[in-house]
1. Tell me which residues, restricted to segment A:43-78, are assigned to a loop (DSSP other than H, G, I, E, B), crowded, with 20+ Cβ neighbours inside 10 Å and more than 9 Å from chain B (Cβ to nearest Cβ).
2. Which of the helices (runs of 4 or more DSSP H) found entirely inside segment B:267-381 contain at least 1 residues meeting this: touching a strand residue (DSSP E or B) at 6+ places or on another chain (Cβ under 9 Å)?
3. Does residue A:11 meet the test of being in a helix (DSSP H, G or I), away from chain B (no Cβ under 11 Å) and either on the phi < 0 side of the Ramachandran plot or touching a strand residue (DSSP E or B) at 6+ places or on another chain (Cβ under 7 Å) (or both)?
4. Assess whether residue B:46 counts as being out of contact with any strand residue (DSSP E or B) (no Cβ under 8 Å at 6 or more places or on another chain), without any contact (Cβ under 8 Å) to a residue 24 or more places away in the chain and not in a loop (DSSP other than H, G, I, E, B).
5. Is at least one residue of segment B:143-152 in a strand (DSSP E or B), away from chain A (no Cβ under 14 Å) and surrounded by 24 or more Cβ atoms within 10 Å (Cβ to Cβ)?
6. Does any residue of segment B:259-266 turn out to be in contact with a strand residue (DSSP E or B) (Cβ under 6 Å, 6 or more places away or on another chain) and outside the structural domain of residue B:101 (by TED's automatic domain parsing)?
7. Can you tell me which residue is farthest from the chain's Cα centre (by Cα) among those in segment B:173-190 that are within 13 Å of residue B:400 (Cβ to Cβ) and either at pLDDT below 95 or assigned to a helix (DSSP H, G or I) (or both)?
8. In segment B:352-371, which residues are buried (at least 22 other Cβ atoms within 10 Å of the Cβ) and within 25 Å of residue B:177 (Cα to Cα)?
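The values are calculated or read from the model by the stated rules, or taken from the named source; none is laboratory data. Small disclaimer: the values here were computed from a predicted structure and weren't measured. Positions of Cβ are backbone-derived with ideal geometry, glycine not excepted, and every protein chain shown enters the neighbour counts.
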């Protein structure tokens, strides 16, 4: 891996985010910064990436590790280019989430939690994503894909088979520069 | 009859933009509050309105506001809880996506009432596309002078920021949310002190749900008495209900409190009846945490009265025969639904979401999931059903935050009202095989 450092645009955004909190409370920027780091550094948080975030906030690395390991959206291991997060809690289960998961498993030849051999797809079942009225659903990056059918899932997988970038929850235009 | 207050302009094209929102009277409450009212007068109107917290607890908002400590020279904060994570609930997402300025307007008016000069909206990380919408709306509000220094020339300053969560149901608990906003793990704090005394950065803080904050706008515009006249009894106003499951028309509906549950489920104005002409079996009326009720008890109270969509009517009968309005996450199940399997999805959820601080919750949620797994795997015994009951009883009331109760209640109510289903699975494991597709999902033996 090349040197771990945000690009200049992201660094400017980091400074803007830190200003959202009172002086001395820059640790409040930790969650947003980890999101930016995961988006910029291949979709997961390695120990060196977390150490880098700690240095930006002038906090101890352990303060970053304990947070990164608590929240389910931070990946502590590499994931495929396309992270398929399929909701499976009650309302989605009632409307066929299990069938959607089984369909993806069969189509990609992987089980829940696994990544395809070509590194393109990771399947992750997740808990309620707040899309119960449009169940079943899955999330890829920031995008919600709702009222799923096998055909819709197939189309998504076809789309993502040809992409080279990582699925992301955010980019540098998500947060306002205050 | 549908009563739209928060969603009055939901179908107006462009209502998500500041310009159209303004055309429809948007930001009037800010003008009225900042130019003609004192902060205390606003708190008084909110008290009079009878507005209760829309996140699930139903605590009177005006009272919560009046608890806020006001020591000299110490910052106060308003934090909006947009960590909507209660399974079955998606109303805040809908409101923020469709009418983001309703929340921003409510934040400005409420922040003024509380004397806060910096406020945060904490949004669950899974809603990043909503965060983008809010950030754009906030930027537009700043550019138009609704946020920033000296708003409307009144000398009032307010900065409003969006904070992204990162996937943790527990951060919907207000002290866990504050910990998370401080850049820590979302472990709930021991109370007291309550956030009103020592909240964000140790300063006096009010945490309110999205829908609660948005409701402050019409209350300030029209007065607390006007709002108190809508709804029924101590359930004043309207409520956003997230309807999902086996119904013809899932979605978010704004209802006047007091309509019958029967009307809500079967009227074409709302859920439009049960999907595929099936019969109603059970309802979880207020998000995954509240007790599940069988069809007869959700439609009619134990006293034979029609059950209404209100805090009081849904709670009628206590947990023996009633439930709670909660967050308004209304999950409907048809006659084919396995209550045990649905419960397994809830138990797995709470196990996944327990923060791990309190032993009864950390250990108990895991045990409950495992026992349900065992029963669904065809190896359960009657003792397991009793053990499940005992475990939930030992979690309830024995944790520092309500997640323990939230995990216990679905288990208790499922056994209370549907014990025969658990017993059938235990006595006749072959019955489980008839439940389609279950085994694919969980890697259970299919023998």
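1. A:43, A:45, listed by residue number.
2. Values: elements: B:295-299, B:311-315, B:318-321, B:339-353, B:359-376.
Those helices (runs of 4 or more DSSP H) span B:295-299, B:311-315, B:318-321, B:339-353.
3. Numbers: in a helix (DSSP H, G or I): yes; away from chain B (no Cβ under 11 Å): yes; either on the phi < 0 side of the Ramachandran plot or touching a strand residue (DSSP E or B) at 6+ places or on another chain (Cβ under 7 Å) (or both): yes.
Taking the combined requirement at face value, the residue satisfies it.
4. Numbers: out of contact with any strand residue (DSSP E or B) (no Cβ under 8 Å at 6 or more places or on another chain): yes; without any contact (Cβ under 8 Å) to a residue 24 or more places away in the chain: no; not in a loop (DSSP other than H, G, I, E, B): yes.
Criteria not met by residue B:46.
5. As a first pass, look at segment B:143-152 and keep what is in a strand (DSSP E or B): B:148-151.
Then keep just the ones that are away from chain A (no Cβ under 14 Å); that gives B:150-151.
Remaining after also requiring surrounded by 24 or more Cβ atoms within 10 Å (Cβ to Cβ): none.
No, the conditions are met nowhere in segment B:143-152.
6. Yes, the conditions are met somewhere in segment B:259-266.
7. Among them, the one singled out is B:179.
8. Of everything in segment B:352-371, those that are buried (at least 22 other Cβ atoms within 10 Å of the Cβ) and within 25 Å of residue B:177 (Cα to Cα) turn out to be B:353, B:354, B:355, B:361, B:364, B:365.
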